[in-house]
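The values are calculated or read from the model by the stated rules, or taken from the named source; none is laboratory data. Only a predicted model underlies this, so the values are computations on that prediction, with no experimental measurement involved. Counting neighbours? That spans all protein chains shown, and the Cβs are built from the backbone with ideal geometry, glycine included.
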Amino acid sequence: MELESQSRERDPTVEAVVQRMKTRSRQGMKKYGMAIRDNDRPLIEWLNEALEEAMDLCVYLQRAIEEHNVSSQTKIVKPKKQAKSEKLKWE
């Protein structure tokens, strides 16, 4: 019962992400010797860095989808095209 209560108070998946973020932050502090907020790079550099990370994420997601499709022989369900006034329908 206590574990069930804790599960409702804290999502284990979110907790795992938080732990990974803390670990990554410590690694960054060790590597760069400063907190990210103390790095005074120009805003455009931060934006470009974020865009590059987002593009990498897209590649990783596509690779995972391809592996899933090969292993399960399933395809991603794509929405059917329809009038803008209609709700989205899935094949």
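Residue-level analysis places Ile44 outside the set of residues that are hydrophobic (A, V, I, L, M, F, W, C), on the phi < 0 side of the Ramachandran plot and at pLDDT below 95.
Yes or no, residue by residue, for (1) within 22 Å of the chain's Cα centre (by Cα); (2) in a helix (DSSP H, G or I); (3) among the hydroxyl-bearing types (Ser, Thr, Tyr); (4) modelled with pLDDT under 95:
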site	(1), (2), (3), (4)
Arg24	yes, yes, no, no
Gln27	yes, yes, no, no
Glu53	yes, yes, no, no
Tyr60	yes, yes, yes, no
Asn69	yes, yes, no, yes
Lys81	no, no, no, yes
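Evaluate region 5-13: report whether one residue or more is modelled with pLDDT of 95 or more, surrounded by 10 or more Cβ atoms within 10 Å (Cβ to Cβ) and outside any helix (DSSP H, G or I). The answer is yes; a qualifying residue exists. Selection of region 29-51 for residues being surrounded by 10 or more Cβ atoms within 10 Å (Cβ to Cβ) and not in a helix (DSSP H, G or I) yields Met34, Ala35, Asn39, Arg41.
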